[in-house]
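Please treat every number below as a calculation from the coordinates, not as lab data. Not measured: the values here are computed from a predicted model. Heads up, the Cβs are rebuilt from the backbone with ideal geometry, glycines too, and the neighbour counts pull from every protein chain shown.
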């Protein structure tokens, strides 16, 4: 069956010319409603929830007792509660697990994915397209606006382009997409996956669950961890990693040739064939050829030669992230 979307290369040209509209794939939504929704989530997640305002969104993680991420979220408030956006493949299990800890709290978790849809827009023309469709275009990082059942969130830039996502009831998605398409070119979900990688914001999925302490994938650097909020599962491990100087791994953007790497694929140094030095977090085909990925690596390995899958596997090269990563002096050159 032919691909109904333009090529990734054409979509990149559209992005740089004006902008694109995408229906991202692989995202799930959980709504937590009830009087105690915020206080309940505050005790479970790595970020503060009780002071989450109606005009803001936040990143947050859900850790195991050992401090390893079981899920990563983008969260915001709507008229009926707090919405958690996560990888769709882990949504049912995470929703079930969180529900186990509600106990006497007045909070109810429901699957919002069945009733709502998501659109992504990016590029210089995206803000104007939102306005023409009667939607707001929040300008600050992770600002959000909700009205009449529709939420618009300003996401992290990617490839130098501004991005927003629109979350709306499923029966309104088609009309919103049509309204936004006047100034924006359609692009495939795979192109949005690449933009997510380029933004430097990781997303935990089934293959990478319980692989990383938040700092290993830079989660505290992009606002996903609040070290003053009090206890949550794994909090002691996360705090120890932050304050005892024991962190030996960080996340880089990496590039390789050929077909895109898979999440959780291991990365090796040629001189250490039996010991992986890193792992792919998220990867996507690049519109400029090969693939780009976010990869967790040993800090002392990031400046050297790297291979995918085995010590004699395809070469992997580190690339800059769109934000600064604090590193020991000897590793600074890897950025």
Rounded Å value of the spacing that divides the Cα centres of the stretch 178-254 and the stretch 8-78: 10
Per-residue ellipticity at 222 nm attributable to helices in the chain (runs of n ≥ 4 DSSP H, -39500 (n - 2.57) apiece, nearest 500 deg cm²/dmol) works out to -5500 deg cm²/dmol
Size-normalised alpha-carbon gyration radius of the stretch 206-323, reference 2.2 N^0.38 Å: 1.11
Between residue 275 and residue 178, the two model label points (7 Å from Cα along the beta-carbon direction) sit apart by a distance in nm of 6.1
What Kirkwood hydrodynamic radius do you get for the chain when you take the inverse of the mean 1/r over all pairs of distinct Cα atoms, in Å? 20.5
Residue 236-residue 324 pseudo-label distance in nm [points 7 Å out on the Cα-to-Cβ vector]: 3.4
Got the relative contact order for the stretch 8-188 handy, in percent, Cα pairs under 8 Å and 6 or more residues apart? 30
Nearest 0.05, what FRET efficiency do residue 312 and residue 66 give at R0 = 41 Å with Cβ-Cβ as r? 0.80
Figure the gain on full extension for residue 96 and residue 157 (residue separation times 0.36 nm, minus the Cα-Cα span) and round it to one decimal in nm. 18.7 nm
Considering the zone a paramagnetic label at residue 257 would reach in this model (a point 7 Å from Cα along the Cα-to-Cβ line), which residues of the stretch 275-313 have amide N under 13 Å from it? 289-291
Just to confirm my numbers, what's the Cα centroid distance between the stretch 284-323 and the stretch 102-141 in Å? 32
Output the relative contact order of the chain, whole-number percent, from Cα pairs under 8 angstrom with separation of 6+ residues. 19
Calculated on alpha-carbon atoms, Rg and Dmax of the stretch 8-188 in Å: 16.7, 53
